[in-house]
1. Would you check if there is a residue in segment 64-79 being farther than 22 Å from Arg45 by Cβ and surrounded by fewer than 18 Cβ atoms within 10 Å (Cβ to Cβ)?
2. Could you tell me which residue of segment 91-108 is nearest to Ser43 (Cα to Cα), considering only residues that are assigned to a helix (DSSP H, G or I) and over 16 Å from the mean Cα position of the chain (by Cα)?
3. Do we find that Leu151 is free of Cβ contacts under 8 Å to residues at least 40 places away in the same chain and crowded, with 16+ Cβ neighbours inside 10 Å in this structure?
4. Just for segment 82-105: of the residues that are of a type in the set (D, E, K, R) and touching a residue at least 12 places away in the same chain (Cβ under 8 Å), which one is surrounded by the most Cβ atoms within 10 Å (Cβ to Cβ)?
5. Only one of Ala72, Ala35, Ala66 is under 19 Å from Gly148 (Cα atoms) and not polar (S, T, N, Q). Can you tell me which?
6. Please list, ordered by first then second residue, the pairs with beta carbon atoms under 7 Å, 6 or more apart or interchain, first in segment 106-121 and without any contact (Cβ under 8 Å) to a residue 40 or more places away in the chain, second in a loop (DSSP other than H, G, I, E, B) and of a type outside the set (S, T, N, Q).
7. Checking the condition under 24 Å from Leu38 (Cβ atoms), of a type in the set (Val, Ile, Thr), at pLDDT 95 or above and exposed (fewer than 13 other Cβ atoms within 10 Å of the Cβ), which residue from Val165, Val142, Val117 passes?
8. If you go through segment 1-51, how many residues are over 25 Å from Ala169 (Cα atoms), assigned to a helix (DSSP H, G or I) and of a type in the set (D, E, K, R)?
Amino acid sequence: MRAYVHELQRWQAVKNLVGPGTLDDVWRRHIADSAQLLRVQPSARRWLDLGSGAGLPGLVIAILLADTAGAAVHLVESNGRKCAFLRAAVRATGAPATVHEGRIEDVAHQFVGRIDVVTARALAPVVRLLPMVKDLLRTGSVGIFPKGQDLDVELTEAAKSWRIVADIAPSLTDADAGILIVSEARELDRE
């Protein structure tokens, strides 16, 4: 994990990967915040991280799964420079992760039926995440999405057009945040 943090700090000067003020608290704000998702699905081995950016949470999870047989984390990112960082961080850490450069809608479909967990951190509100992950959920994947203090508002908005089966786990790093765990999402018929 230290190798990842080193790469993050080194690349931050060139490519704004995380909020500049958050690097002072990188271990809590980013590492612990990402690592806590593994406790939600501790037996999951195949992960898909959408909009990976700086590798949060996907690369952190991959590092934690490095000694686990069958572990594979797929990082989807459309920004080429962020992909270059992710590839460098994967090499530096030896994490069981693969970087997929492309737009989510062009890449995610190839993982339908092939992953245990799909995750995204700070990518989009729930109502915009659900169309991206609905086919993955339909084939047994679980969606794990860390969310901030507006989670209830996001769920209320999503309920207008989606039927969602979900739980919320408390965040261990932020008392105002939660982790949305979605097992089903079905778009409501438009009449």
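1. As a first pass, look at segment 64-79 and keep what is farther than 22 Å from Arg45 by Cβ: 78-79.
Checking the rest, the ones that are also surrounded by fewer than 18 Cβ atoms within 10 Å (Cβ to Cβ) come to 78-79.
Looking through segment 64-79, at least one residue is farther than 22 Å from Arg45 by Cβ and surrounded by fewer than 18 Cβ atoms within 10 Å (Cβ to Cβ).
2. Here is the first cut: in segment 91-108, the ones assigned to a helix (DSSP H, G or I) are 91-93, 104-108.
Cutting the leftovers down to over 16 Å from the mean Cα position of the chain (by Cα) gives us 91-93, 106.
Working: Arg91: 25, Ala92: 25, Thr93: 22, Asp106: 28 Å.
Filtering segment 91-108 for residues that are assigned to a helix (DSSP H, G or I) and over 16 Å from the mean Cα position of the chain (by Cα), the one nearest to Ser43 (Cα to Cα) comes out as Thr93.
3. Values: free of Cβ contacts under 8 Å to residues at least 40 places away in the same chain: yes; crowded, with 16+ Cβ neighbours inside 10 Å: yes.
Here the answer is yes, as Leu151 does meet what is asked.
4. Filtering segment 82-105 for residues of a type in the set (D, E, K, R) gives 82, 87, 91, 101, 103, 105.
Now narrow it down to the ones that are touching a residue at least 12 places away in the same chain (Cβ under 8 Å): 82, 87, 101, 103, 105.
On the way: Lys82: 22, Arg87: 15, Glu101: 16, Arg103: 11, Glu105: 10.
So, considering only residues that are of a type in the set (D, E, K, R) and touching a residue at least 12 places away in the same chain (Cβ under 8 Å), the one surrounded by the most Cβ atoms within 10 Å (Cβ to Cβ) is Lys82.
5. Working: Ala72 fails: under 19 Å from Gly148 (Cα atoms); Ala66 fails: under 19 Å from Gly148 (Cα atoms).
Every option except Ala35 fails the conditions.
6. none
7. Numbers: Val142 fails: exposed (fewer than 13 other Cβ atoms within 10 Å of the Cβ); Val117 fails: exposed (fewer than 13 other Cβ atoms within 10 Å of the Cβ).
Result of the check over Val165, Val142, Val117: Val165.
8. Of the residues in segment 1-51, 4 are over 25 Å from Ala169 (Cα atoms), assigned to a helix (DSSP H, G or I) and of a type in the set (D, E, K, R).
The values are calculated or read from the model by the stated rules, or taken from the named source; none is laboratory data. Since we're looking at a predicted model, the values are computed, not measured. Counting neighbours? That spans all protein chains shown, and the Cβs are built from the backbone with ideal geometry, glycine included.
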